[in-house]
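Contents: one structure, followed by commentary.
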Amino acid sequence: MAQNSNKLELSSVFPLKHLEKFSFKPNPPWVSEYYVNNAWFETAGLNTTTPNAPLLEEKIIADIAIVGGGFTGLSSAYHLAKKYPQKRIVLLDAARCGYGASGRNGGHAILYPMVQIMEVYKKKGREAAVEFASVAKQGLGIVKSFIEEYDIDCEFEETGFVEFIEKERQINAVMEEYKILESLGIESDFLSRKAVSEKFNTTHFHGGVKTNSEGGLNPCKLALGLKEVVQSMNVEIFEQTKVTSVSPGRTVTINTEFGEVHADAVVLGTNGYTSTLNLFKKYMVPFHDYVISTAPLTSEQMTSLGWKGREALADNRNLFNYYRLSGDNRIIFGGELVKYYYGNIPSPGNNKHVISLLEERLLKIWPQLKGVKIEHRWGGTDGLTRDILPLIGVLGEYKNIFYGVGYSGEGICWANLAGKIISQLYAEKDTDLTRFFLLNRKPPYIPPEPFRKIGFDVHVKYLAIKDRFF
Ligand SMILES: Cc1cc2nc3c(=O)[nH]c(=O)nc-3n(C[C@H](O)[C@H](O)[C@H](O)COP(=O)(O)OP(=O)(O)OC[C@H]3O[C@@H](n4cnc5c(N)ncnc54)[C@H](O)[C@@H]3O)c2cc1C
């Protein structure tokens, strides 16, 4: 295990002037997004089912309060309720479970988050990268155990992953990177340009690398399935209940629009929305990612693509696409360009420019899909740290403010794993997970506006130039 250094201090996360009480501005788009045309929501029934009632009591005394009903909050609820069935656990979500990034993402359940592993390898060395990979790997294990143990129908398929190579001159560099990953125990197979064009009926790429590093799923179905599981374990879930402030202390006070919760411990599972609570602003920005989905493909369209192995796909650009087939054979196609909106606001809905780039790019890869109907176009908000590594740990004078945020685009497995880690931190257990070097770390600083916006935009421009010319 690498050393656990650089503990994140409470005062550096909670600005001191807000220590007593943090408040944030009401009204959309702080949480709600205006334009949600999401294939996962539709197929999981999130659009058509009624959310739980809001918290209407004036005051609730709980053992543990969880803010956010995405994978972090739900998995924390699960692991805590399993360990402490006698404790009163309440979960509050401003909208409803699965409404955040957990119900909107690309559905790539990642066994090995390779970009993050390479980041750790380059900055912290081989030993840390091996530990990182072995901890990260447990995330998919947890997702699979939820699905198997509770029979959650979320279209899970373990089909492996292919990273396409965009430019001929990049082949050697990509192979070098995979050689490093192989030395860490992640096996891969190189696909020549010919093999890619035969398997996927596209001439756009110059090769690819196949690994068994992913599964695919319908993330909204998983979130709704988990909600049912934790409710059956007596976790009380209040939806349509926006938390307006969190006040630390031996007993944490969580104010909502309607009533307040007093709890011995709180779990923050608000990821990309956390800045609306005025927390973690120095270390994380909410970034916005967009996705389109086609109508279910006809059998002729499926045949025209090859893609018989239904692998999860992406390319090797910095601003890359990620795509896969849904259970009903839609192409779920995301990425291309990420956005940050001035002042840390969660996505105000959609972004026409990015959506049009996605539509163009899909046809560039597979011109044979010309005329395919794009049925859904949506966006979501995720938390991004400067070193693209997650933030998981515990804060506060009384060590009772637990958090899992900043998954930087790789959150399906990380967020589910964070729930388990948080339950072990709460139990004050000494385990491989609670000794993980990444916990409680102090991540690189991100300055306030206007430098934050300028920095983000300049960096994205730089990545776009790199992708175009190098
Ligand atoms: C478009 C997109 C594509 C992605 N693709 C992938 C992918 O393919 N694979 C992958 O591994 N990761 C992907 N990610 C990242 C991944 O989805 C997230 O990291 C992960 O779902 C985060 O889960 P979470 O529970 O921490 O946060 P969320 O799912 O965002 O949940 C946060 C919850 O908190 C609630 N909330 C917010 N503020 C408040 C408040 N004040 N009071 C009460 N409740 C509040 C919200 O309503 C929401 O339900 C993607 C992200 C996006 C946006």
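Rule-based calculations on the coordinates, nothing more; no lab input. Computed from a predicted structure; not experimentally measured. We place every Cβ from the backbone using ideal geometry, glycine too, and count neighbours over all the protein chains shown.
Summary table
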| quantity | calculated |
| --- | --- |
| Unit Cα scatterers, Debye sum, the stretch 386-470: log10 I(q)/I(0) for q = 0.24 Å⁻¹ | -1.16 |
| Span-like helix ranges in the chain, DSSP H, alpha carbon extent 27 angstrom or more, Kyte mean at least -0.5 | 126-150 |
| Cβ-derived FRET efficiency at R0 22 Å, LYS429 paired with ASP151, nearest 0.05 | 0.15 |
| Packing rank of 136-148, 365-377, where each peptide gets the mean count of other beta carbons within 10 Å, highest leading | 136-148, 365-377 |
| Anisotropy class of the stretch 144-201 from Cα gyration tensor, a/c 1.5 cut | oblate |
| Label zone at ASN201 (point 7 Å along Cα-to-Cβ), backbone N below 18 Å, the stretch 278-319 | 294-313 |
| Where labels lie 7 Å past Cα in the beta-carbon direction, separation of ASN37 and GLU360 in nm | 1.9 nm |
| Potential lengthening between GLU127 and LEU319 on full extension [0.36 nm per residue; Cα-Cα distance subtracted] | 66.3 nm |
| Residues HIS353, HIS206, HIS288 arranged by fewest to most Cβ contacts within 10 Å | HIS353, HIS206, HIS288 |
| Principal axes of the chain: Cα extent on each, largest first, Å | 63, 48, 46 |
| Dipole of the stretch 187-262, positive end: most advanced residue of GLY225, VAL246, THR211 [Cβ charges, Cα centre] | THR211 |
| Mean residue ellipticity (222 nm) of the chain, computed from DSSP H runs ≥ 4 via -39,500 (n - 2.57), nearest 500 | -10000 deg cm²/dmol |
| About the Cα centre, charge dipole magnitude for the stretch 74-192 (Lys/Arg +1, Asp/Glu -1 at Cβ), debye | 840 debye |
| Additional length obtainable on full extension of the chain from LYS461 to LYS308, 0.36 nm per residue less Cα span | 51.5 nm |
| Within the chain, percent of DSSP bridges classed antiparallel, to nearest 5 | 70 percent |
| Nearest-20 debye value, the stretch 49-92 charge dipole, Cβ charges on Lys, Arg, Asp, Glu | 220 debye |
| Contact order relative to length of the chain, as percent, for alpha carbon pairs under 8 angstrom and 6 or more apart | 25 percent |
| Packing-based order for 339-346, 275-282, 398-405, using average beta carbon neighbours within 10 Å, highest first | 398-405, 275-282, 339-346 |
| Nearest-20 debye value, the chain charge dipole, Cβ charges on Lys, Arg, Asp, Glu | 1200 debye |
| Dipole of the chain, positive end: most advanced residue of PHE469, TYR112, ALA94 [Cβ charges, Cα centre] | PHE469 |
